[in-house]
Amino acid sequence: MSKPIFIIRFPYSPENAENYFQMYKQIGKQLPDYHVLCPMDNSVDRVEFECYNAINATDKDIEEIKQMVLKQLEND
């Protein structure tokens with residue numbers, strides 16, 4: 001069974017950057033039933049959550065999610 005994809009967008013700030021890796025590791029441990037992605041995002045001013053169900057997703061859906069995440073990572 002495929003795990004859902006859970007994206008947590010953190011607003012970027014120097015204070016967040018220092019603790020980012022530790023937060024990411026803790027969140028991953030607490031959500032073992034999800035594929036967790038935690039990008040730092042310059043376009044948000046508060047933590048935002050997105051969840052995508054990979055069970056019913058087509059290859060096109062997964063590719064769109066992948067491109068969205070890669071685009072965001074390039075912008076940061």
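Bear in mind these aren't lab numbers, they're just calculated from the coordinates by the rules spelled out. Note that this is a predicted model, so its numbers are computed, not measured. Every residue, glycine among them, receives a Cβ derived from its backbone with ideal geometry; neighbour counts consider all protein chains shown.
By DSSP, the beta bridges lying fully in the chain are antiparallel in about 50 percent of cases.
The loop-placed trypsin sites (Lys or Arg not before Pro) in the chain, going by DSSP, that have at most 14 neighbouring Cβ atoms within 10 Å of their Cβ come out as R46. Here region 1-32 is scanned for amide nitrogen atoms under 17 Å from the site 7 Å beyond the Cα of N53 along Cα-to-Cβ, giving 1-7. If the only charges are +1 at each Lys and Arg Cβ and -1 at each Asp and Glu Cβ, what is the size of the charge dipole of region 5-75 around the Cα centre, to the nearest 20 debye? The dipole of region 5-75 has a size of about 180 debye. When the P(r) is computed for the chain, the part past 14 Å accounts for 64% of the Cα-Cα pairs.
Taking the C-alpha atoms only, the angle from helix 59-75 to the longest principal axis of the chain is near 10 degrees. Summed over qualifying helices (DSSP H, 4 residues or more, each -39500 (n - 2.57)) and divided by its residue number, the chain shows a 222 nm mean residue ellipticity of -15000 deg cm²/dmol.
Excluding same-chain neighbours fewer than eight residues apart, the lysines reachable from K25 by a Cα-Cα span under 24 Å are K3, K66, K71. Amide H contacts under 5 Å for V36: F6, restricted to partners 5 or more places along the chain or on a different chain, H placed in the peptide plane at 1.01 Å from N.
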